[in-house]
Amino acid sequence: MTAGIVGLLLAAGEGRRFGSDKLLHPLADGTPMAVASARTLRRACPRSIAILRPEQTVLAGLLAAEGLELVTCAEASAGMGHSLAAGVAASRDAAGWLVALADMPFLQAATLQRVAEALAGGAALVAPVHRGLRGHPVAFAPRWRDELLALGGDAGARAILAGHRDLLCKLETDDPGVLRDVDTPADLTA
């Protein structure tokens with residue numbers, strides 16, 4: 001049971017390398033990339049929050065229609081850490097956070113569910129591993145609330161993960177989507 005775990009969809013990146021608004025870019029089935037990511041996250045975490053920049057009004061409407069709560073982060077352009085902190089601040093009472101990236105639409109719902117279940121089962125930090133490489137999403141127990149709230153810059157939560165490797169529960173998976181983020185149009189066909 002994963003009750004109380006909140007999904008955080010980090011969707012405030014500017015995607016400069018893509019050449020256009022990648023989060024609105026349609027996948028092969030026509031679904032906008034961020035909407036596909038949101039749907040997968042909500043299967044694992046019915047309460048999910050999308051963190052956006054103020055000007056992302058079109059994306060905000062699409063994600064609200066998918067049932068996500070919305071948080072606007074004015075400092076998002078200063079880095080992912082600010083977005084992550086804003087999402088945690090909006091859900092301080094959570095039993096943990098499953099942090100997913102909106103530009104990773106190829107994750108399997110079962111992978112996110114396994115990560116959430118490991119967190120609900122008592123793990124302090126959880127991440128999937130595919131062929132020896134740590135991927136996304138990453139999940140954090142409530143014990144990291146203060147550290148997450150203090151984040152800023154573009155490092156996100158890397159310092160927490162690097163400083164507490166001994167606490168990281170690594171879930172082996174055959175899901176290559178845990179490593180497949182979309183930075184350029186070529187990444188959609190890779």
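Assuming a ≥ b ≥ c are the square roots of the Cα gyration tensor eigenvalues, decide whether the stretch 40-97 counts as rounded (a/c under 1.5), prolate (otherwise, with a/b larger than b/c) or oblate. Taking the square roots of the gyration eigenvalues as a ≥ b ≥ c, the stretch 40-97 is oblate.
For the stretch 86-163, the set of trypsin sites (Lys or Arg not before Pro) satisfying both a DSSP loop assignment and a count of at most 16 other C-beta atoms within 10 Å is given as Arg92, Arg131.
Summarising the strand pairing of the chain, around 30 percent of its internal DSSP beta bridges are antiparallel.
Averaged over residues, the count of other Cβ atoms within 10 Å places the peptides 117-129, 77-89, 172-184, 20-32 in the sequence 77-89, 117-129, 172-184, 20-32, highest first. For the chain, the relative contact order works out to 26 percent when only alpha carbon pairs closer than 8 Å and six or more residues apart are counted.
Excluding ligands, DNA and RNA, the accessible surface per residue across the stretch 43-110 is 39 Å² with a 1.4 Å probe. Using only side-chain charges placed at the Cβ, +1 for Lys and Arg and -1 for Asp and Glu, the dipole size of the chain relative to its Cα centre rounds to 300 debye.
Shape verdict for the stretch 1-111, please, from the Cα gyration tensor: rounded (a/c under 1.5), prolate (a/b greater than b/c) or oblate. Note, shape of the stretch 1-111 comes out oblate.
Please find the FRET efficiency linking Ala89 to Arg43, where r is the Cβ-Cβ separation and R0 is fixed at 25 Å, and quote it to the nearest 0.05. That pair, Ala89 with Arg43, gives E of 0.50. Potential lengthening of the chain between Ala3 and Ala155 amounts to 51.9 nm, from the contour at 0.36 nm per residue minus the alpha-carbon distance.
Nearest-5 percent of antiparallel DSSP beta bridges in the stretch 77-190? In the stretch 77-190, DSSP labels about 60 percent of beta bridges as antiparallel. Extending 7 Å from the Cα toward the beta-carbon at both Ser77 and Val129 defines two label points whose distance is 4.0 nm.
The values are calculated or read from the model by the stated rules, or taken from the named source; none is laboratory data. What you see is a predicted model; the values in this text were computed from it and never measured. When we count neighbours, we look across all protein chains shown, and the Cβ atoms used for this are built from the backbone with ideal geometry, even at glycine. Remember, those area values only see protein heavy atoms, side chains included, never the ligands or the DNA or RNA. Shrake-Rupley method; radii C 1.70, N 1.55, O 1.52, S 1.80 Å.
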